[in-house]
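The values are calculated or read from the model by the stated rules, or taken from the named source; none is laboratory data. Keep in mind that what you see is a predicted model, and the values were worked out from it rather than measured. Here the Cβ positions follow ideal geometry from the backbone for every residue, glycine too, while neighbour counts run over all protein chains shown.
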Number of protein chains: 4
Amino acid sequence: MNYRRLGRSGLQVSELSIGSWVTYGNQVDAKAARESLAAAYDAGVNFFDNAEVYAGGQSETLMGDALKTLAWPRLNYIVSTKFFWGIDKGPNRHHTLNRKYLLDAIDHSLKRLQLDYVDLVYCHRPDPRTPIEETVWAMHDMIARGKALYWGTSEWSADEIRSAYDIAERHHLHKPVMEQPQYNLFHRQRVEKEYARLYEDIGLGLTTWSPLASGLLTGKYRDGVPQNSRAALKGYESMREELTHPEKNRAVGELAVIARELDASVGQLALAWILKNPHVSTVITGASRIEQIGENMKAAELATRLTPEIVEKIEQTVGDLAD
Amino acid sequence: MNYRRLGRSGLQVSELSIGSWVTYGNQVDAKAARESLAAAYDAGVNFFDNAEVYAGGQSETLMGDALKTLAWPRLNYIVSTKFFWGIDKGPNRHHTLNRKYLLDAIDHSLKRLQLDYVDLVYCHRPDPRTPIEETVWAMHDMIARGKALYWGTSEWSADEIRSAYDIAERHHLHKPVMEQPQYNLFHRQRVEKEYARLYEDIGLGLTTWSPLASGLLTGKYRDGVPQNSRAALKGYESMREELTHPEKNRAVGELAVIARELDASVGQLALAWILKNPHVSTVITGASRIEQIGENMKAAELATRLTPEIVEKIEQTVGDLAD
Amino acid sequence: MNYRRLGRSGLQVSELSIGSWVTYGNQVDAKAARESLAAAYDAGVNFFDNAEVYAGGQSETLMGDALKTLAWPRLNYIVSTKFFWGIDKGPNRHHTLNRKYLLDAIDHSLKRLQLDYVDLVYCHRPDPRTPIEETVWAMHDMIARGKALYWGTSEWSADEIRSAYDIAERHHLHKPVMEQPQYNLFHRQRVEKEYARLYEDIGLGLTTWSPLASGLLTGKYRDGVPQNSRAALKGYESMREELTHPEKNRAVGELAVIARELDASVGQLALAWILKNPHVSTVITGASRIEQIGENMKAAELATRLTPEIVEKIEQTVGDLAD
Amino acid sequence: MNYRRLGRSGLQVSELSIGSWVTYGNQVDAKAARESLAAAYDAGVNFFDNAEVYAGGQSETLMGDALKTLAWPRLNYIVSTKFFWGIDKGPNRHHTLNRKYLLDAIDHSLKRLQLDYVDLVYCHRPDPRTPIEETVWAMHDMIARGKALYWGTSEWSADEIRSAYDIAERHHLHKPVMEQPQYNLFHRQRVEKEYARLYEDIGLGLTTWSPLASGLLTGKYRDGVPQNSRAALKGYESMREELTHPEKNRAVGELAVIARELDASVGQLALAWILKNPHVSTVITGASRIEQIGENMKAAELATRLTPEIVEKIEQTVGDLAD
């Protein structure tokens, strides 16, 4: 496994990491979660992404139990959480980044995770109804109190990220270090265009999510929605249209041909392509099945074999389909 | 219940809230206090105002006992306290905002309230004998130590509030977020004129008190001072003249006519009129009787029915009587 | 008892206060110490001055025991300590204001005093071998950690005090609030000339020591050194010459005449004269005998009777004898 | 023993101090370690240097056990540790100065040392893959949390040290106070040239290591590598060439002649020569044998006898051999 700096920070993250979006606490039970984490750790993964809202807190609880059992040295792994949606609804506990919510949320997350601190804490979405200065202060206070080591954002605009950075610089507070954007072959504008100046100006690091476009890039939706897939779950109806997009699935088919020539799956090719972007610190991959982890890890090796010519072929295949 | 941002902060407060000035610990017993809080909470109220000096500390003790019994999630409610007068007399415990008093006072309030922190802490009055910088530091330290989330002022001049804000900005300290002024149909100058620039410049929020002008706006003093009213209590003699002011009571009579056309009481009309002011974050209402809470809550709905024409009629009725 | 602001701070100190220089732990036993404190407190004194070095730590231990027994509300009294000499000798524990010593010293003082915090903490002397910035940071950290409320200096030059203030302003740290200089009819230059601009520029408060010039101004040395006086103690030899200074003792005789006309002792006159200086926040007086406290307290009343004419007469009596 | 200020700080360090590089936990057992410390302490040494990486943490454990047994007053001694290499390998625990590692490392060091705080904490080497700002913040946070008193660097370039100082000044954080460079008759460029402006500009103090150039300056390598010497240990192969350098050993022979004329060993002369440099705060010497301590301590007295003429003779002997 290769490790990359999280943006300009000194933190080293494995270039492939494990997220638990929806997965833990829903489809996967405790033992499977623990085995997935162990397999990933053994493969060199050191970053395990989480959020308060994933599976209504259950994702943190499961990860906390697994970490306790696994008993790795704390220095060896990086755990994150994210705040914005909250577990329950209510004016100061949902869709907010205000001080009251954030300082309450971190304490509850740490309890579920059974940890003294998380390494990374994210503002899961921007909150236009809270001044960025209030949020920056609360994130700083989490770090000053030893409850987190680094903070960042997820799906914030470039302007919002820069504003947070500037406020922290002016008031001598801890600055945002990383952003967690969606990034894959079909979703690229923000990472490649909107954030372009931030990499140089503030040293922004990226921990990207949805590398396989919710499964679209595995090719499993080329023949419609399989019964056991996430898109068949209740509550994900709106995702189905995108996943069965005819032209995108046709492109996936062409990518599968390229992948096959490299002895790889189309999913591995999609992950490897992301790793070619030097601004990406780590690609967060799914872990619903333990075999998936082994498969995903192979993308790192594959990336070293992606020549400029192959990358060019991939780009032409995707063409205008990316936003 | 609607919720409003506390000024430019991210905190959401119910537009109607509950205060306990004099009430708890004096006229009301523990069970009644708990039932009043519960009824308000069920109606969507999330802000419960308090102060060290209310009923000599008893108001905080009663609220603390009630909150413990009710056992709501801490994120769901907002509690405040205020410091200036102190419970006992003495050079550093009364009429002061010095560091010694403030840091001692917050610890005692938290003990009475049985809470780890209050959400809002106010400087109950300005103290011309303490430099504002000393007070700003002490308020900042309360927040930095996790004993309060936001701080503000009560009945400070615009100049004093701006000075506190500027000192905090210069020294990178937590800034004042809200002010608690008296505000009602007969007392308007400060909120509408003196503070005018502060809403835009520093995002000041208002939690207003005395919406019914100590009862004058309920109409109950139109025929003199009723035996059970607050104005009949010992120690409130000076209030009586204002409450029995002939022209104001005549105006209240006219307002009652407007209210009746809207199927409302004059008190509800007076509350609804305050809610039309977008700079008001929440109107703190009394809660000496549980029925009062239900009556007051109706003002929120009434406010949506106050057309510009009705508001204009109200303004003409009050005319020059307001200060 | 009148109370004065400690310089421009909001802290109110009794204009007469009690010090324990040498006294406690040496000449006075525990019961007497407690009774002296109680008598002073009952007379309205709220400030009790102390230092690590007084009686090798015993002065703090005795005061701590007395305060515990007396069990006054913490808000009602002000306790100080001072650091520079240390109790034991050694490179980082004596004649220093470095970070190591100061942060160690405050913890030991609080243990001896059985207090969570002192109100005032002084740098007992300037230390030319420690940068003022290092000392300012350590004093700030004591306050930030809740171990002291205000900090100041003792016998620092005006330039050193201003430097400390400026460093604190620049780095947003807690600023020095008060200075404890020697000040009496025969020792005036520093308070009246050297510090003159500091009162206005930085709001410096004064807690003055040696109001009776080590007893010279009581008149008891007019006929030589009495056997039980401090000047007869071993280790105070160097003080004797000053105390038996012929011209000064002659002036003391003349002051005694003025005092007698006012039905006062010359010591009371000397104290009252200091109280006429508006820059003095409190005059620290001795307390080796309980009767002394009652006698000293009368100076406050006497000060109100000192007309400009009487003050002028006092000044002429002292003439060039003061430095 | 003489004491010197640690650069421009107020901390007084003995001009000769004790390090434990490799020694403790490898060649020396617990009792010997305790006796060495005690002998040094009795000779006036107050600074005991250590590092996380020395003997894989064992050096700290042994020192911690010894300090506990010896039970000296905490004010009387100065303990250091250093972070960069870590005890175990791994992306965030080795060759790094990132926040995650540093904040984890200090807690583990304090546990091994059985101390509440170390006096000095060093960044053991520069880390080009962590921004200096991140490291400065972490070092500041250690100090702000009371886990260390002063921080510094070891073998950083002048430019890196100045950058750390400037960042701390700009963000109002604790500044680096000292640097621990290698410094001896054969290794001088950094201390004498590269750092030259830092002494004046930022008051940098030096705690120098390898005063005897790993033993070369004791003369024991003049006839090859002795069996029991460090250079004979496994893992120190690369050091052998330097230690058996023919011209340097010839110069050592000439220095031995100068030393003999002063009734001293060549090692004592080499130590004494370093003490003539006023920018050196303390010379860290080895302590593998208790007799060594007594021998080394004599260098302080010897330094007072090094006339300008003798120093000149030493310089000519070394000539171009120094880098």
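Which residue out of D:Gly215, D:Gly146, D:Gly152, D:Gly205 is among the small types (Gly, Ala, Ser) and over 18 Å from the mean Cα position of the chain (by Cα)?
Details: D:Gly215 fails: over 18 Å from the mean Cα position of the chain (by Cα); D:Gly152 fails: over 18 Å from the mean Cα position of the chain (by Cα); D:Gly205 fails: over 18 Å from the mean Cα position of the chain (by Cα).
It is D:Gly146.
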Mind listing just one residue for me: the one in the stretch C:148-170 that is touching an Asp or Glu at 6+ places or on another chain (Cβ under 8 Å) and within 11 Å of another protein chain (Cβ to nearest Cβ) and, of those, farthest from B:Leu103 (Cα to Cα)?
C:Ile167
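Each row is one residue, and each column tells you yes or no for (1) under 24 Å from the mean Cα position of the chain (by Cα); (2) in a helix (DSSP H, G or I); (3) under 30 Å from D:Glu200 (Cβ atoms).
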{"position": "D:Ala264", "(1), (2), (3)": "yes, no, no"}
{"position": "D:Gly267", "(1), (2), (3)": "yes, yes, no"}
{"position": "D:Ala272", "(1), (2), (3)": "yes, yes, yes"}
{"position": "D:Thr282", "(1), (2), (3)": "yes, no, yes"}
{"position": "D:Gln292", "(1), (2), (3)": "yes, yes, no"}
{"position": "D:Met297", "(1), (2), (3)": "yes, yes, no"}
{"position": "D:Glu301", "(1), (2), (3)": "yes, yes, yes"}
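Which residue is farthest from D:Trp273 (Cα to Cα), if the candidates are limited to the stretch D:159-189 and must be touching a residue at least 24 places away in the same chain (Cβ under 8 Å) and charged (D, E, K, R)? Lay out the reasoning, then the answer.
Going residue by residue through the stretch D:159-189, those that are touching a residue at least 24 places away in the same chain (Cβ under 8 Å) are D:160-165, D:167-168, D:171, D:173-189.
Imposing the further condition that a residue be charged (D, E, K, R) reduces the set to D:160, D:162, D:175, D:179, D:188.
On the way: D:Glu160: 28, D:Arg162: 27, D:Lys175: 30, D:Glu179: 19, D:Arg188: 12 Å.
Only one residue tops the list, namely D:Lys175.
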Kindly check whether there is at least one residue in the stretch C:206-228 that is surrounded by fewer than 21 Cβ atoms within 10 Å (Cβ to Cβ) and within 14 Å of chain B (Cβ to nearest Cβ).
no
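Quick check: is even one residue across the stretch C:15-30 within 14 Å of chain B (Cβ to nearest Cβ), within 18 Å of the chain's Cα centre (by Cα), modelled with pLDDT of 95 or more and part of a loop (DSSP other than H, G, I, E, B)?
So in the stretch C:15-30, the residues within 14 Å of chain B (Cβ to nearest Cβ) come out as C:15-17.
Those left that are additionally within 18 Å of the chain's Cα centre (by Cα): C:15-17.
Those left that are additionally modelled with pLDDT of 95 or more: C:15-17.
Imposing the further condition that a residue be part of a loop (DSSP other than H, G, I, E, B) reduces the set to C:15.
So far as the stretch C:15-30 goes, yes, one or more of its residues are within 14 Å of chain B (Cβ to nearest Cβ), within 18 Å of the chain's Cα centre (by Cα), modelled with pLDDT of 95 or more and part of a loop (DSSP other than H, G, I, E, B).
Counting only residues that are charged (D, E, K, R) and crowded, with 24+ Cβ neighbours inside 10 Å, which one in the stretch B:76-99 is nearest to the chain's Cα centre (by Cα)?
B:Lys82
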If A:Pro176 satisfies all but one of (1) touching a strand residue (DSSP E or B) at 6+ places or on another chain (Cβ under 7 Å); (2) within 14 Å of chain B (Cβ to nearest Cβ); (3) more than 19 Å from B:Ala144 (Cβ to Cβ), what's the number of the condition it fails?
(2)
When the stretch C:281-301 is examined, which residues are found to be surrounded by fewer than 20 Cβ atoms within 10 Å (Cβ to Cβ) and of a type in the set (A, V, I, L, M)?
C:Ile290
Please indicate, with yes or no, whether at least one residue in the stretch B:223-237 is under 21 Å from the mean Cα position of the chain (by Cα), among the aromatic types (Phe, Trp, Tyr) and at pLDDT below 95.
yes
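Search the stretch A:92-103 for residues being more than 26 Å from A:Leu67 (Cβ to Cβ) and touching a Leu at 6+ places or on another chain (Cβ under 9 Å), and hand back the single one that is nearest to the other protein chains (Cβ to nearest Cβ). Please lay out each step first, then the result.
The initial filter retains those residues of the stretch A:92-103 that are more than 26 Å from A:Leu67 (Cβ to Cβ), namely A:92, A:94-100.
Among the residues that remain, those that are also touching a Leu at 6+ places or on another chain (Cβ under 9 Å) are: A:92, A:96, A:98-100.
Working: A:Asn92: 5, A:Thr96: 6, A:Asn98: 3, A:Arg99: 5, A:Lys100: 5 Å.
If we take residues in the stretch A:92-103 being more than 26 Å from A:Leu67 (Cβ to Cβ) and touching a Leu at 6+ places or on another chain (Cβ under 9 Å), then A:Asn98 is nearest to the other protein chains (Cβ to nearest Cβ).
Count, please, the residues in the stretch A:46-59 that happen to be more than 30 Å from D:Val136 (Cβ to Cβ) and either modelled with pLDDT under 90 or not charged (D, E, K, R) (or both).
First pass over the stretch A:46-59, keeping only residues more than 30 Å from D:Val136 (Cβ to Cβ): A:51-59.
In the following step, the residues that additionally are either modelled with pLDDT under 90 or not charged (D, E, K, R) (or both) were identified as A:51, A:53-59.
Qualifying residue count for the region: 8.
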Only one of these is over 18 Å from C:Pro211 (Cα atoms), among the charged types (D, E, K, R) and free of Cβ contacts under 8 Å to residues at least 60 places away in the same chain: C:Glu242, C:Glu237. Name it.
C:Glu237
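Just checking, how many residues over the stretch A:104-132 are in contact (Cβ under 8 Å) with a residue 24 or more places away in the chain, of a type outside the set (A, V, I, L, M, F, W, C) and facing chain B (nearest Cβ under 10 Å)? Step through it out loud before you land on a result.
Of all residues in the stretch A:104-132, those in contact (Cβ under 8 Å) with a residue 24 or more places away in the chain come to A:105-110, A:112-127, A:129-130, A:132.
Within this subset, residues satisfying the condition of being of a type outside the set (A, V, I, L, M, F, W, C) are A:107-109, A:112, A:114, A:116-117, A:119, A:122, A:124-127, A:129-130.
So of that shortlist, the ones also facing chain B (nearest Cβ under 10 Å) come out as A:107-108, A:127, A:129-130.
Of the residues in that region, 5 qualify.
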Here the residues within the stretch C:199-213 that are part of a helix (DSSP H, G or I) and among the small types (Gly, Ala, Ser) are C:Ala213
Since A:Ile167 meets every condition but one in (1) surrounded by fewer than 21 Cβ atoms within 10 Å (Cβ to Cβ); (2) in contact with a helix residue (DSSP H, G or I) (Cβ under 7 Å, 6 or more places away or on another chain); (3) at pLDDT below 95, which condition does it not meet?
(3)
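Does B:Gly10 count as crowded, with 19+ Cβ neighbours inside 10 Å, within 11 Å of chain A (Cβ to nearest Cβ) and either part of a loop (DSSP other than H, G, I, E, B) or hydrophobic (A, V, I, L, M, F, W, C) (or both)? Can you show your working first?
On the way: crowded, with 19+ Cβ neighbours inside 10 Å: yes; within 11 Å of chain A (Cβ to nearest Cβ): yes; either part of a loop (DSSP other than H, G, I, E, B) or hydrophobic (A, V, I, L, M, F, W, C) (or both): yes.
Here the answer is yes, as B:Gly10 does meet what is asked.
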Kindly indicate which of A:Glu242, A:Glu254 is under 24 Å from the mean Cα position of the chain (by Cα), surrounded by 13 or more Cβ atoms within 10 Å (Cβ to Cβ) and closer than 21 Å to A:Glu315 by Cα.
A:Glu242
Based on what the data block shows, is D:Leu262 over 22 Å from D:Ile18 (Cα atoms) and in contact with a helix residue (DSSP H, G or I) (Cβ under 8 Å, 6 or more places away or on another chain)?
yes
Scan the stretch D:214-253 for residues that are of a type in the set (D, E, K, R), part of a helix (DSSP H, G or I) and more than 16 Å from D:Asp323 (Cβ to Cβ) and report the count.
4
Considering only the stretch A:56-86, state which residues are more than 14 Å from every other protein chain (Cβ to nearest Cβ), farther than 24 Å from D:Gly90 by Cβ, out of contact with any strand residue (DSSP E or B) (no Cβ under 6 Å at 6 or more places or on another chain) and not acidic (Asp, Glu).
A:Gly56, A:Gln58, A:Thr61
Using the structure shown, decide if A:Gly146 is within 26 Å of D:Arg129 (Cα to Cα), buried (at least 21 other Cβ atoms within 10 Å of the Cβ) and small (Gly, Ala, Ser).
no
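Tell me yes or no: at least one residue of the stretch D:189-201 is more than 28 Å from D:Thr69 (Cβ to Cβ) and more than 22 Å from the chain's Cα centre (by Cα). Walk me through it before giving the result.
Narrowing the stretch D:189-201 to residues more than 28 Å from D:Thr69 (Cβ to Cβ): D:189-201.
Checking the rest, the ones that are also more than 22 Å from the chain's Cα centre (by Cα) come to D:201.
Yes: the stretch D:189-201 contains one or more residues that are more than 28 Å from D:Thr69 (Cβ to Cβ) and more than 22 Å from the chain's Cα centre (by Cα).
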